[in-house]
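Participant: This is the structure, below, for whatever I ask next.
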Amino acid sequence: LSGIESEMTSIEYDNRHIALDAIPVGADVDRIHEIQKLPRVKKQYSRLEESKGDFKIFLGVDRLDYTKGITARLEAYEDFLENNPKWRGKVEFYQIMVPSRTEVSNYSQLKHQIDALAGKINAEYGRHDWTPVRCFFRQFSMEDLVNYYAIADVAVVTPLRDGMNLVAKEFLLAQHTESPGVLILSEFCGAASELSDALIVNPVHRKQVSEAYLTALEMNSDEVQRRYKAMLTALEVYSAKNWGERFIGSLRMASERSSNLSPEFSLQLQKQTRQNYAKAKQRLILLDYDGTLTDIVNSPKRAMPTSEILNLLKKLKSDPRNTVMIVSGRPKQTLEEWLMQTGVLLCGEHGAWIWDGKEWQKTYYNTHPRWKQQIRPVMELYTSRTAGSFIEEKDEALAWHFRLSEPDYGEWQAKNLLFNLESLLDQMPLQSLMGKKVIEVRHKSVSKGTAWKWFQK
């Protein structure tokens, strides 16, 4: 829409390569568990558990804000009580609202609106021994929240639009593993893409949310455990600590990439380069292949070098002051077939193989030799779902190409494939990388920088 050239993980703007990454914030797993062990927290938990009695508890925890969907979820609760009389007197809705912008009149009006709705529900359905809705309007410490999370049977996280919301994650971490609760999550909440085993709802669809309340209460224990364990595993892997490490790591990588990028190749820079080239006694010339010596093409096999390129490489090689190396992601067999005749050094599969003029040398030790058997089925699944895509197998890598696919659909499927590969590769010495309309999986120790390290030796 903006006319800016973009990929799924980067954009090109104003002669700059800008990296993009999605790094959902993680919850502090260790801190929550440490808080639960504190004597005063245990004491408060016992009091809350006693006051809860036999009621099933719905819990909402939000900053007082229009975007949080508090009114909509209480309206759905009203619908639930109206259509499920058997649950009257058996459930209570605890709505925690943390004060926000109290000096703004619109927020005061929102508070009055929520209080009025809660009062209406309590007046219509409440009894002397049962209060259907309990609203709490004050600041809550994490010690307080952890106990409310722990006693809740159903967490209702239904913002109209939200980004990095930690309530859903904190609720799951504070739950008792032997008898966990159920999470209801808005499809417009950032956490919905991570916690897909929650009950996902449209927060403004009153009937759908009301039905989710009933589903949560009547879900059998085996299904509750299955969903809980799946989400808990994801949270423990992507904890706050791991989130921070990944964020800093991505930032560092982006910084390193930026520092290595050359400015626009101006006429002045071209002149200076020619002068430096003429003066140099020894020259190391590292050249990429696709997009440098040849244009990017739809089919990898159609990128054969022209006679002009071959002659140019031979000419560069003929100068005794020059050491020329082609550093490419291409398989070594392809480089051998197309470029061996030029006499230049060759680096294939992004640094996995190097031709030193006599033989091919492998630059790393593969500690997981059968990894392709685990990765290929995943790529094959996406190939079957994405017309025009195909798999390219190299000696030390697998590549999934989608250049021939419908652009938007191909990008969407590539995003899904990367997401699925991420959890699979987490336990392997492998990495997945996004290129120009291609996703490649290879060993973590392999990179084009490997060629430079090898040459330095």
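Participant: Compute the helix-to-body angle for 267-279: its Cα long axis versus the longest principal axis of the chain, expressed 0 to 90° and rounded to tens.
Facilitator: 50 degrees
Participant: Do you know the relative contact order of the chain, to the nearest whole percent, from alpha carbon pairs under 8 angstrom that are 6+ apart?
Facilitator: Worked out over the chain, it gives 12 percent.
Participant: Quick one: pull the percentage of alpha-carbon pairs in the stretch 100-140 with a separation above 17 Å.
Facilitator: 41 percent
Participant: Treating cross-link reach as a plain straight distance, find the lysines whose alpha-carbon is under 18 Å from the alpha-carbon of Lys229, omitting any fewer than eight places away in the same chain.
Facilitator: Lys169
Participant: A further question follows. Ranked by Cβ crowding within 10 angstrom, fewest neighbours first, how are Met428, Met97, Met253 ordered?
Facilitator: So the residues, fewest neighbours to most, are Met253, Met428, Met97.
Participant: Per-residue ellipticity at 222 nm for the chain, helices alone: DSSP H runs ≥ 4 residues times -39500 (n - 2.57), over residue total, nearest 500 deg cm²/dmol?
Facilitator: Working: 15 runs with 201 residues, N = 457.
Value at 222 nm, helices only, nearest 500: -14000 deg cm²/dmol.
Participant: Another question about this same structure. Cut-off is 10 Å between beta-carbons; in what order do Met231, Met325, Met219 appear when sorted fewest neighbours first?
Facilitator: Exposure proxy ranking, most exposed first: Met219, Met325, Met231.
Participant: Now a separate question. Within a 10 angstrom radius of the beta carbon, how do Val29, Val157, Val61, Val98 rank from fewest other beta carbons to most?
Facilitator: Fewest to most other Cβ atoms nearby, the residues stand as Val98, Val29, Val61, Val157.
Participant: OK, next. Can you give me the three principal axis dimensions of the stretch 29-244 from its C-alpha atoms, in Å, biggest first?
Facilitator: 45, 41, 35
Participant: What is the extension gain from Ile11 to Met164, computed as 0.36 nm multiplied by their sequence separation minus the C-alpha to C-alpha distance, in nm to one decimal?
Facilitator: Length gained, Ile11 through Met164: 52.8 nm.
Participant: If you average the sequence gap of Cα pairs under 8 Å that are 6 or more apart and divide by the length of the stretch 29-121, what percent do you get for the contact order?
Facilitator: It rounds to 35 percent for the stretch 29-121.
Participant: Provide the FRET efficiency to the nearest 0.05 for the Ser384-Ser100 pair, computing r from the beta carbons and using R0 = 60 Å.
Facilitator: Efficiency at R0 = 60 Å is approximately 0.80.
Participant: Working from the alpha-carbon coordinates of the chain, get Rg over Rh, Rh being the Kirkwood radius. Mind showing how you got there, number by number?
Facilitator: Working: Rg = 29.4 Å, Rh = 26.5 Å.
With Rh from the inverse mean 1/r over Cα pairs, Rg/Rh is 1.11.
Here, each number is a calculation from the coordinates, and none is a lab measurement. Because the structure is a prediction, the values reported are computed rather than measured. Don't worry about glycine lacking a Cβ; one is built from the backbone with ideal geometry, like all the others, and counts go over all protein chains shown.
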